[in-house]
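A quick write-up on the structure given underneath.
The values are calculated or read from the model by the stated rules, or taken from the named source; none is laboratory data. These numbers come from a predicted model, not from an experiment. Cβ placement follows ideal geometry from the backbone for every residue including glycine, while neighbour counts extend to all protein chains displayed. Heavy atoms of the whole protein, side chains included, go into the accessibility calculation; ligands, DNA and RNA do not. Shrake-Rupley method; radii C 1.70, N 1.55, O 1.52, S 1.80 Å.
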Amino acid sequence: MRKIISAGIIVYIMAQTLCACGKQQPDGANKVYVGVAYYDQSDTFLGQLIACLKNSFQEYEKDGYEIVMQVRSASGSQRTQDDQVKELIDSGCNVLCVNLVDRADPSEIIDLAREHNISIIFFNREPVAEDMMQWDKLYYVGGPAAQSGIMQGELAVALIQADTGIDRNKDGKIQYVVLEGEAGHQDAIIRTKNVVETLKNNDIEIEKLSYGIANWNRAQAQNRMLQMISQHQNEIELVLANNDDMALGALDAYEKLNYTESTLPVFLGIDGTDVGLEAVRDSRLAGTVYNDKEGQASAIAKLAVALVSGKGLEQIEFENEKYIYLPYLKVTKDTVDEFFQKQSRN
């Protein structure tokens, strides 16, 4: 009987010891190893979004989560990104956040993740709907592209209605050019289509003079704009750019040619990057449309932690069970300070 009692005491002590150790050691579900793969480190908006993402993940460390975040830039190559995703999986990442180089070619990345049973959160570049249905552990976080184009159009409408001087040649039409982000890119196509339709729907007479593909890049936009200026001289009254960097590149072209302020067209961007907001505040851009990088980063981090830990997924609101969209916001000189404050709080 004494032996039985002694054995029972030993088992009890061991059980208590194990429980105590369990409380001291972090739960495996609380270890979130995040692999972030994005298309190009030169993209201003994405650089700021990833900085916000790091801040968002750090907030979870305060709640006892162990967060390790590895970031890879593909420099515009889908083959490179495929290899980087394999490397991230091999290094132990248990959730992936992917900004695709080619939104129409995610199959290899999806196959790799499915093979290792790792969820993917696509962001900023939305895969086509058919690809999103390949597996039940695929998600998307971003902004509704159509809304950004509509809002840019609404900004243009308000400016044109308030200032008849924008129609410099007094022909009753606004001559415009477009700087598009990327050939075949969904957001670029949708932004351009919706900004033009919004102008037309508000009875603004417009005439398209030209357009250029500038790959979201300020220097490329400057070169494209120099070409358009050489073709159209002082005819251009409105420049619609798919992002802030291209809007600023267009402005750079005019400044390089020493145009005076009174002869400049109206410039509008999208994204609300730091440099874009500063240009709005300084009246160099007439406005931009804020792409909520803070909100997107918070949503990505929340979803990633929920997918790994298994906690809180039911509290996340999805569209069609896979999508999280953060709304855009219009930025003018009158409202720009609110967005600087928003960024400073992040």
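Ignoring ligands, DNA and RNA, how do Ile316, Ile236 rank by accessible area with a 1.4 Å probe, largest first?
Greatest to least solvent exposure: Ile316, Ile236.
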Checked against the positive end of the charge dipole of segment 117-247 (+1 on Cβ of Lys and Arg, -1 on Cβ of Asp and Glu, about the Cα centre), the farthest of Gly153, Asn194, Ile229 is Ile229
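Quick one: net charge around Thr335, please, counting Lys, Arg +1 and Asp, Glu -1 for every other residue with C-beta under 12 Å from its C-beta.
Numbers: positive: Arg281, Lys330, Lys333, Lys342; negative: Asp334, Asp337, Glu338.
Net of charged neighbours comes to +1.
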Segment 56-130: spread of alpha-carbon positions along the three principal axes, whole Å, largest first, is 38, 25, 24
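Within the set Lys311/Lys342; Lys62/Lys330; Lys302/Lys342; Lys62/Lys302; Lys86/Lys137; Lys54/Lys302, which residue pairs have Cα atoms separated by over 22 Å? Display every interim value, and only then the final one.
Working: Lys311/Lys342 28 Å; Lys62/Lys330 34 Å; Lys302/Lys342 19 Å; Lys62/Lys302 14 Å; Lys86/Lys137 17 Å; Lys54/Lys302 12 Å.
As for pairs spanning more than 22 Å Cα to Cα, those are Lys311/Lys342; Lys62/Lys330.
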Mean shadow area (nm²) of the C-alpha convex hull around segment 65-187 is 10.9 nm²
Between the modelled labels at Glu59 and Asp111 (7 Å from Cα along Cα→Cβ) the distance in nm is 3.8 nm
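Pull out a ≥ b ≥ c, the square roots of the eigenvalues of the alpha-carbon gyration tensor of segment 160-254, then state rounded if a/c is under 1.5, prolate if not and a/b is larger than b/c, and oblate in the remaining case. Numbers along the way, then the final one.
Values: a/c = 2.11, a/b = 1.27, b/c = 1.67.
Taking the square roots of the gyration eigenvalues as a ≥ b ≥ c, segment 160-254 is oblate.
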The distance between the Cα centres of segment 37-116 and segment 127-196, in whole Å, is 26 Å
Treating only Lys and Arg (+1) and Asp and Glu (-1) as charged, each at its beta carbon, one finds that segment 187-346 has a dipole about its Cα centre, in Debye to the nearest 20, of 380 debye
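So, R0 is 51 Å and r is the distance between the beta-carbons of Thr335 and Ser77; what FRET efficiency does that work out to, to 0.05? Write down the numbers at each step before the final one.
On the way: r = 38 Å, r/R0 = 0.75.
The value I calculate is 0.85.
In nm², what is the average projected area of the convex hull enclosing the Cα atoms of segment 247-306? Provide the component values of the computation, followed by the final result.
Numbers: hull surface 18.2 nm².
Its Cα hull, projected and averaged over all orientations, spans 4.5 nm².
Just need the relative contact order of the chain here, percent rounded to a whole number, with Cα pairs under 8 Å and 6+ apart.
On the way: 611 pairs, mean separation 59.6, N = 346.
Relative contact order of the chain: 17 percent.
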When the charge dipole of the chain is computed with +1 on Lys and Arg Cβ and -1 on Asp and Glu Cβ about the Cα centre, the Cα farthest towards its positive end, among Ile166, Gln78, Asn215, belongs to Gln78
If amide H atoms are modeled at 1.01 Å from N in the peptide plane, then the residues at a separation of 5 or more from Arg72, or on another chain, having amide H under 5 Å from its own are Val36, Ala37, Tyr38
Computed for the chain: size of charge dipole around the Cα centre, +1 on C-beta of each Lys and Arg, -1 on C-beta of each Asp and Glu, debye to nearest 20, value 1200 debye
Candidates Lys302, Lys333, Lys170; GNM for the chain (alpha-carbon contacts under 10 Å) flags as most fluctuating Lys170
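Using only DSSP helix segments of four residues or longer, with each worth -39500 (n - 2.57), what per-residue ellipticity at 222 nm results for the chain after dividing by its residue count and rounding to 500? Please list the in-between numbers first.
Numbers: 12 runs with 165 residues, N = 346.
Value at 222 nm, helices only, nearest 500: -15500 deg cm²/dmol.
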